1. Just want the ordering: 63, 74, 102, from fewest to most Cβ atoms lying within 10 Å of their own Cβ.
2. Would you work out the relative contact order for the chain, in percent, from Cα pairs under 8 angstrom that are 6 or more residues apart?
3. Output the pairs from 44/112; 44/317; 172/290 with a Cα-Cα distance over 24 Å in this structure; if there are none, say none.
4. Could you pull the Rg and Dmax for segment 173-263, using just the Cα atoms, both in Å?
5. Based on the inverse mean of 1/r over its pairs of different Cα atoms, what is the Kirkwood hydrodynamic radius of the chain, in Å?
6. List 155, 201 from most exposed to least, where exposure is judged by having the fewest other Cβ atoms within 10 Å.
7. How tilted is helix 300-317 with respect to the longest principal axis of the chain? Cα atoms for both, answer in degrees (0 to 90, nearest 10).
8. Which of 116, 50, 304 ends up with the largest GNM mean-square fluctuation for the chain, with Cα atoms connected below 10 Å?
Amino acid sequence: MRQMRPARILITGGAGFLGSHLCERLLADGMDVLCADNFYTGDKAHIASLCGHPRFELLRHDITFPLYVEVDEIYNLACPASPIHYQFDPVQTTKTSVHGAINMLGLAKRVKATILQASTSEVYGDPEVHPQDENYWGRVNPIGPRACYDEGKRCAETLFFDYHRQHNTNIKVARIFNTFGPRMRPDDGRVVSNFIVQALCNKPITIYGDGNQTRSFCFVDDMVEGLIALMCSPSDFTGPVNLGNPEECSIHTLAEMVIELCSSRSKICHQSLPPDDPRQRRPDIHLAEKVLDWQPHTSLREGLKKTVAYFEQGLSKNQNLLNNSL
Ligand code: NAD
Ligand code: UDP
């Protein structure tokens, strides 16, 4: 008699911030997890506690090259997400999104796996529609410094829908809005980690521009729930679906909240705004609420408290790492 075996799940980018939380959660749910990562922005330390687990396997692999494995589900998360990292080698960023999508979709087609794409709110660019819903086509500068990421992710979405129409591949597309939490790297460059590290070291908080631009920040545990809910959704539901926390906040308010939660003596300093920086961003999550029965439960303040606690621990362990990241 054939034994029932756990579902085999491939997570590309599994050693990254979001991916490592997803690996942990799916292992806890009894799945067989294969993490593939080239460690471009990922960190072995994020998954060190999982290595040695009988249902966990780690593979050093760059998804711009084909991968031949047998799996039931694929979460395609591999791609640097922070502007400083994705702009460092923009050609590689586009290759990761586009060649990576072709390779992972080819794998999904061959083994008949369901594949989920970690797309992004960046497909909406600097939006004229607020809040953004999934029907909005976006306003992206195709030749700006953010384009390697934005257009790469947009092209990946195109590939996902063409594989679905042409080859009947089971796809799920999540448009992820700004997500934060423990395991962001201190040198990640994104706003939440920058502000917390600066505040804990009592260094100036670097607001780019006037600080009136807005973002909506989702705590990582809520995002992981959303991604799993999407993977488990009815097979005829492909998305794209927004996943994020609609609690919108200006960057200035975020800076003040972080200073308060860190009991910091930091002062705010203003630096120039990077080109094409979106003015506002807030997800309309009605579709996720309706189809996935999902909504975030962690407020920005609660999530920040947990994230500050994580960085405080790191600070006491490794003062140099934090100082060098500033
Ligand atoms: P991250 O940079 O922490 O993780 C990305 C992971 O992908 C890293 O481990 C990195 O080493 C790996 N990687 C990069 N290029 C690769 C390649 N060619 N082959 C194999 N591995 C590669 O970023 P994150 O915040 O965890 O984001 C994960 C995914 O979610 C990304 O696809 C990102 O675009 C998407 N996303 C994240 C956010 C967010 O706010 N965190 C928002 C929107 C979308
Ligand atoms: N930002 C900032 N100071 C920083 C880092 C970022 O003011 O030290 C701003 C950035 O210009 C943007 C917002 O914070 O307006 C969010 O930036 P992040 O890189 O986290 O995400 P994204 O712009 O991709 O949403």
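Computed from the coordinates by the stated procedures, all read-outs in this text should not be read as laboratory data. Worth saying up front: this structure is predicted, and the values here are computed from it rather than measured. Cβ sites come from the backbone with ideal geometry, for glycine too, and all protein chains shown count toward neighbours.
1. 102, 63, 74
2. RCO, the chain: 17 percent.
3. Going by Cα-Cα distance, 44/112 fall outside the 24 Å limit.
4. Gyration radius and largest Cα-Cα distance of segment 173-263: 15.4, 51 Å.
5. Kirkwood radius, the chain: 20.1 Å.
6. 155, 201
7. 80
8. Top of the fluctuation ranking is 50.
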